[in-house]
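Student: First the structure, then my questions, so here it is.
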Amino acid sequence: MAEPVWITGIGLVSCLGEGPEAHAAALAGASPVVDEESFAPFPVHPLPALNLDRQIPKKGDQRQMEPWQRLGTYAAGLAIDHAGARGLVADMHLVVAAGGGERDIGLDEAITAELATLPPAEAAARLNERLANGLRPTLFLAQLSNLLAGNISIVHGVTGSSRTFMGEEAAAADAVRITAARLAEGRGGIALVGGAYVAARWDMLLLYAASGGLLRGAWAPMAERGEAGLVMGSVAAFLVLETASHARARGATGLAVLTGIATGAARRRGEDSAEASAAGLAARLPLRPGATVISGASGAAAATAAEARFLAGLPAPGPMVRSAESLGHSVEAAFPANLALATLVVQAGAPQALATGFGVWRGEALALVEPVA
Amino acid sequence: MKDRNHLGRHVVAVTGIGLVTPLGFGVAESWAGLLAGRSGIRRISRFPTEHLRTTIAGEVTLPEEMGREPFTSPERVERMAALAAEEAVAGAGIGAPGRFPGPLFLGMPPVEVEWPQRLVFARQAEAGAALRYSDLIAAASGQQALFENCLFGGIGERLADRFGTSGAPISLTTACATGASSIQLGVEAIQRGEAQAALCIGAEGSVQPEALIRFSLLSALSTRNDEPPRASRPFEKTREGFVMSEGAAALVLESLESARARGATVLGLILGAGERADSFHRTRSNPDGGAIIGAMRAAITDAGLEPGQIDYVNAHGTGTPENDKMETLGMRAVFGDSPPPISSNKSMIGHTLSAAGAIEAVFSLLTIRDQRLPPTINHEAPDPAIPLDVVPNVARDAKVARVLSNSFGFGGQNVCLVVGAAP
């Protein structure tokens with residue numbers, strides 16, 4: 001017997017600030033905060049100033065992390081606080097959608113510059129020497145993808161279970177889907193799920209530049225970006241999901257009901273298109289005309305166009321919010337952030353909100369939220 | 001046996017298995033090597049080892065990389081995962097070629113752009129000593145193949161395409177428990193009725209300089225370089241670290257009901273899975289062993305069993321002083337004064353990291369099939385602090401119906417599986 005799953009806490013951080021109030025601005029089409037200088041020619045949406053001590057009180061813990069893990073751990077704490085669930089962490093389940101952690105950029109540059117001019121055999125031996133002497137031992141743990149979840153366990157005491165999904169946007173959508181499915185079937189009463197992304201990173205820009213999809217030069221609205229339309233944004237989004245009975249029993253308020261979530265992965269060739277995949281997912285959700293759409297369009301040209309075709313095929317969709325326009329595209333954080341925004345829309349009175357996810361390369365996802373009856 | 005378990009959930013059967021290990025390609029070669037007590041640990045041949053504290057590993061060199069530059073980790077992981085999956089799917093006789101009737105769960109290591117690629121871009125950039133990331137980026141721009149190769153979802157997508165699995169492929173990591181987590185996710189999908197079958201893979205291919213050095217800097221690796229086959233010494237007094245290794249395992253899981261309906265041969269059952277996260281430290285367990293004990297007990301409870309019904313434990317058994325001490329504590333806490341025998345496959349194949357939980361689940365099934373316990377080799381000086389029957393040095397026959405397989409990860413992620421005989 002499937003139990004209803006509520007969203008009872010949101011931890012949201014982006015260039016617009018932290019918390020629900022700061023993000024009401026995103027829903028109203030706030031002008032984005034953009035840094036066009038630091039990573040030129042690529043504009044990025046930077047992080048706001050965070051008082052890390054509020055969520056990660058031990059300096060020793062902060063030192064054991066790089067910015068990505070700190071950001072995620074911080075937002076996870078915001079979500080736990082928002083749900084009033086500090087006392088429930090021991091049995092709280094955790095699924096994190098993770099990317100790779102920060103590399104030591106200075107060391108990479110120095111080694112690469114030196115080795116580029118050496119004969120291959122000599123370069124290989126020198127690489128060993130430079131890495132063995134140059135890598136900070138603690139950096140490895142600060143880089144490991146599953147250590148965002150590990151740090152959430154250590155800092156916040158979340159120990160019910162811990163899983164880390166990898167696979168960009170889709171990983172986060174499946175993290176939410178599987179977390180909700182486990183709760184609905186009675187595997188636990190409360191869970192924390194989400195992801196984080198730091199845009200101000202040369203190593204990640206290298207990966208996304210390889211796709212040829214990053215916007216260069218001045219920031220522009222998505223409609224004016226052309227083929228290379230990705231602007232990366234620093235975002236962290238965690239949600240506390242809870243069965244309705246678990247929330248009621250402790251007197252917690254549901255922010256929204258997660259009415260349905262569906263994910264897919266089209267091969268994106270021929271008939272197996274992203275829009276057909278998403279249309280198939282939509283058919284599994286009780287979507288009504290007029291639902292507000294929190295769009296997961298990233299700005300990557302092909303996926304963004306596919307999403308537009310999908311939305312055009314929906315019967316009478318309601319108002320649309322292009323979150324990537326104000327927050328930037330935040331990969332593993334994007335879908336949880338859109339789901340958080342959808343929750344805020346429902347809180348503000350909308351009868352239904354649909355969060356979409358269209359991965360830059362692969363992955364389609366839809367989630368539907370409604371007010372708690 | 002009924003099709004539903006004590007919790008009313010679908011019973012999950014294993015109908016196909018595949019392996020790639022340092023002992024060989026395929027289930028037969030790997031299992032024969034393991035029962036013979038053979039070590040797959042050798043001197044590293046893939047790259048020069050000057051300036052390295054550890055120069056040994058359990059490398060898996062693929063036939064197609066002979067006489068060429070070694071594969072990067074994502075390329076190696078994908079190929080080994082595909083080999084193991086081909087063996088498992090063929091053995092299960094399930095679906096049609098390129099049409100596997102269920103989802104893919106892929107346990108794998110994080111991947112990224114690697115040094116050989118960085119150096120190619122640096123040479124193209126010709127920026128000299130002033131080289132910056134922006135120069136590398138200029139050279140890398142538009143290299144779609146690199147992008148798709150290094151995305152975390154890339155390997156899963158290509159495997160999903162190749163095997164025709166349904167839905168979104170799930171790639172995951174829980175450090176050294178990854179392989180067990182991939183099986184657990186498949187078990188849950190079948191128990192929920194979300195799928196009738198699942199393809200669960202754990203794969204690891206990270207023997208390259210930077211990964212080795214990172215582990216080395218944590219003082220996690222054995223430095224017994226002079227005698228590679230004797231370097232991995234789980235539960236032994238002179239153990240001083242694990243040996244990095246590579247490999248892959250694949251399991252075809254099905255509901256017992258659907259396996260029977262199509263007349264498939266059932267190799268064994270996944271009776272239970274349990275997990276518990278540790279909040280103590282990034283690389284060390286809480287000294288009270290709470291999370292390890294909790295995961296072991298949760299798996300046994302999930303299987304509807306009592307500890308006394310476990311006949312043998314496939315150890316996490318990495319050979320680090322810390323892990324083996326904590327695992328011993330867990331054994332005594334869960335099983336009391338007369339724990340069942342426990343042995344470590346890692347004494348022979350090393351620590352296959354993201355693949356370990358899946359490889360060891362396959363070995364657990366084979367242990368039951370052949371009623372024979374694989375040994376813990378290199379057991380020369382018993383550790384008085386480890387009062388366990390570790391099946392020292394030679395395999396032996398035993399009556400085994402149920403195996404507990406342990407996986408404990410860096411970052412505190414612990415997963416245990418209970419594997420049982422076919423009904």
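The values are calculated or read from the model by the stated rules, or taken from the named source; none is laboratory data. Source: prediction; values computed, not measured. Counting neighbours? That spans all protein chains shown, and the Cβs are built from the backbone with ideal geometry, glycine included. Heavy atoms of the whole protein, side chains included, go into the accessibility calculation; ligands, DNA and RNA do not. Shrake-Rupley method; radii C 1.70, N 1.55, O 1.52, S 1.80 Å.
Student: Calculate the spin-label point distance for B:D161 paired with B:K399, positioning each point 7 Å from the Cα along the beta-carbon direction, and give it in nanometres.
Tutor: Simple spin-label model gives 5.3 nm for this pair.
Student: On to the next question. Per-residue HN-Hα couplings for the range A:292-305, Karplus 6.51 cos²θ - 1.76 cosθ + 1.60 at θ = phi - 60°, whole Hz, x for Gly and Pro?
Tutor: For the range A:292-305, the Karplus-derived couplings read 5, 10, 9, 7, x, 5, 8, x, 5, 4, 5, 5, 5, 5 Hz, x marking Gly and Pro.
Student: Oh, and also: Between the range B:203-262 and the range B:38-65, what's the alpha-carbon centroid distance in Å?
Tutor: 13 Å
Student: Right, something else. For chain B, what is the accessible area per residue in Å², given a 1.4 Å probe and the full set of protein chains?
Tutor: On a per-residue basis, chain B sits at 32 Å².
Student: Still on this structure: Please give the charge dipole size of the range A:259-370, origin at the Cα centre, charges +1 on K and R Cβ atoms and -1 on D and E Cβ atoms. Round to the nearest 20 debye.
Tutor: 140 debye
Student: Kirkwood hydrodynamic radius, chain B, all distinct C-alpha pairs: what's the number in Å?
Tutor: 21.5 Å
Student: Let me ask another. Going 7 Å from the Cα of A:E271 toward and past its Cβ, which residues in the range B:158-186 have a backbone nitrogen under 20 Å from where you end up?
Tutor: B:161-168
Student: Computed on alpha carbon atoms, what radius of gyration and Dmax characterise the range B:330-423, expressed in Å?
Tutor: Final numbers for Rg and Dmax: 13.3, 40 Å.
Student: On a 0 to 90° scale, report how tilted helix A:120-134 is relative to the longest principal axis of chain A, with both axes built from alpha carbons and the result rounded to the nearest 10.
Tutor: The angle comes out at about 70 degrees.
Student: Something else about it: From the alpha carbon gyration tensor of the range A:158-244, can you work out the equivalent ellipsoid semi-axes (sqrt of 5 times each eigenvalue) and give them in Å, largest to smallest?
Tutor: Working: eigenvalues 231, 36, 24 Å².
Value: 34, 13, 11 Å, ordered largest first.
Student: Ranked by accessible surface with a 1.4 Å probe, highest first, in what order do B:M66, A:M222 come?
Tutor: Ranking B:M66, A:M222 by accessible area, largest first, yields B:M66, A:M222.
Student: Hey, got the dipole for chain A? About the Cα centre, +1 on K and R Cβ, -1 on D and E Cβ, debye to the nearest 20?
Tutor: On the way: 27 positive and 34 negative charges, 158 e Å.
Value, rounded to 20: 760 debye.
Student: How well do other chains shield peptide A:137-148, expressed as the mean number of their Cβ atoms within 10 Å of each residue Cβ?
Tutor: 6
Student: Continuing with the same structure: Taking amide H positions as placed in the peptide plane 1.01 Å from N, state which residues far from B:T54 in sequence (5 or more) or on other chains have amide H under 5 Å from it.
Tutor: Correct list: empty.
Student: Taking each pair of distinct Cα atoms in the range B:378-423 once, what is the resulting Kirkwood hydrodynamic radius in Å? Intermediate values should be presented prior to the final figure.
Tutor: Details: mean 1/r = 0.0732 Å⁻¹.
When all Cα pairs of the range B:378-423 are included, the Kirkwood radius is 13.7 Å.
Student: How do B:V120, B:V113 stack up against each other in accessible area, from largest to smallest, with a 1.4 angstrom probe?
Tutor: Sorted by accessible area, descending: B:V120, B:V113.
Student: List the residues, sorted by chain then number, that are 5 or more residues from B:G26 or on another chain and whose placed amide H is less than 5 Å from its amide H.
Tutor: B:L19, B:V20, B:T21
Student: Cα convex hull of the protein assembly as shown: mean projected area in nm², to one decimal?
Tutor: Details: hull surface 120.7 nm².
Mean projected area of the Cα convex hull: 30.2 nm².
Student: Could you give the length gained by full extension between B:E240 and B:E64, i.e. 0.36 nm per residue of separation minus their alpha carbon distance, to one decimal place?
Tutor: Details: separation 176, 0.36 × 176 = 63.36 nm, distance 3.45 nm.
Residue separation times 0.36 nm, minus the Cα-Cα distance, leaves 59.9 nm.
Student: Counting only other residues whose beta carbon sits under 14 Å from that of A:K58, what net charge do I get with K and R as +1, D and E as -1?
Tutor: Neighbour charge sum, excluding A:K58 itself: +3.
Student: FRET efficiency for A:S38 and B:A261, Cβ-Cβ distance as r, R0 = 41 Å, nearest 0.05?
Tutor: 0.10
Student: Helix A:147-156 versus the longest principal axis of chain A: what angle, 0 to 90°, nearest 10, using Cα atoms?
Tutor: The answer is roughly 60 degrees.
Student: What angle do you read, to the nearest 10 degrees and between 0 and 90, between the alpha-carbon axis of helix A:105-115 and the longest principal axis of chain A?
Tutor: So the inclination is approximately 40 degrees.
Student: Can you spot the lysines whose alpha carbon is less than 22 Å from B:K346's alpha carbon? Ignore those fewer than 8 places along the same chain.
Tutor: Leaving aside lysines fewer than 8 places away in the same chain, those within reach of B:K346 are B:K237, B:K325.
Student: Run the quick spin-label model on A:T117 and B:H281: label points 7 Å from Cα toward the beta carbon, then report their separation in nm to one decimal.
Tutor: My value for the distance between the label points is 4.4 nm.
Student: At B:H6 and B:A36, where each label point lies 7 Å from the Cα along Cα→Cβ, what is the point-to-point distance in nanometres?
Tutor: 4.1 nm
Student: Ok, one more. Which of B:A401, B:A261, B:A160 ends up with the largest GNM mean-square fluctuation for chain B, with Cα atoms connected below 10 Å?
Tutor: B:A261
Student: To the nearest 0.05, what FRET efficiency results for B:D389 and A:R136 with a Förster distance of 41 Å applied to their C-beta separation?
Tutor: Details: r = 41 Å, r/R0 = 1.01.
Rounded to the nearest 0.05, the efficiency is 0.50.
Student: Something else: Hey, got the average number of other protein chain Cβ atoms within 10 angstrom for residues in B:120-133?
Tutor: Rounded to a whole number, the mean comes out at 5.
Student: Quick check: the distance between the Cα centres of the range B:131-168 and the range A:212-262, to the nearest angstrom?
Tutor: Centre-to-centre distance over Cα atoms comes out at 23 Å.
Student: To the nearest 10 square angstrom, what accessible area does B:C150 show with a 1.4 Å probe?
Tutor: Ignoring ligands and nucleic acids, B:C150 comes out at about 0 Å².
Student: Where both partners of a DSSP beta bridge lie in chain B, what percent of those bridges are antiparallel, to the nearest 5? Don't skip to the answer; put the middle values down first.
Tutor: Details: 43 of 60 bridges.
Antiparallel: roughly 70 percent of the beta bridges in chain B.
Student: What FRET efficiency would be calculated for the residue pair A:A302, A:T253, taking the C-beta separation as r and a Förster radius of 51 Å, to the nearest 0.05?
Tutor: 0.80
Student: More than 17 Å apart: what percent of Cα pairs in the range A:259-370 qualify?
Tutor: 46 percent
Student: Follow-up. Please compute the Cα-Cα pair-distance distribution of chain A with 10 Å bins starting at 0, giving whole percents from short to long.
Tutor: 5, 25, 33, 23, 9, 3, 0
Student: How large is the charge dipole for the protein assembly as shown, taken about the Cα centre, if only the Cβ atoms of Lys, Arg (+1) and Asp, Glu (-1) carry charge, to the nearest 20 debye?
Tutor: Computed about the Cα centre, the dipole is about 1160 debye.
Student: Still on this structure, I have one more. Give me Rg over Rh for the range B:244-331, both radii from the alpha carbons and Rh done the Kirkwood way, two decimal places. Please list the in-between numbers first.
Tutor: On the way: Rg = 16.4 Å, Rh = 15.5 Å.
That ratio is 1.05, to two decimals.
Student: So what is the diffusion coefficient of the range A:35-177 in µm² per second by Stokes-Einstein at 25 °C and 0.890 mPa s, using a Kirkwood Rh over Cα pairs?
Tutor: Translational D for this selection: 141 µm²/s.
Student: Now a separate question. Give a residue-ordered list of calculated ³J(HN,Hα) values for the range A:229-243 (Karplus: 6.51 cos²θ - 1.76 cosθ + 1.60, θ = phi - 60°; whole Hz; x for Gly, Pro).
Tutor: Going residue by residue, I get x, 8, 10, 7, x, 7, 8, 10, 9, 10, 10, 9, 9, 8, 5 Hz, with x marking Gly and Pro.
Student: How far is the Cα center of the range B:320-336 from the Cα center of the range B:339-408, in Å?
Tutor: Cα centroid to Cα centroid, the span is 14 Å.
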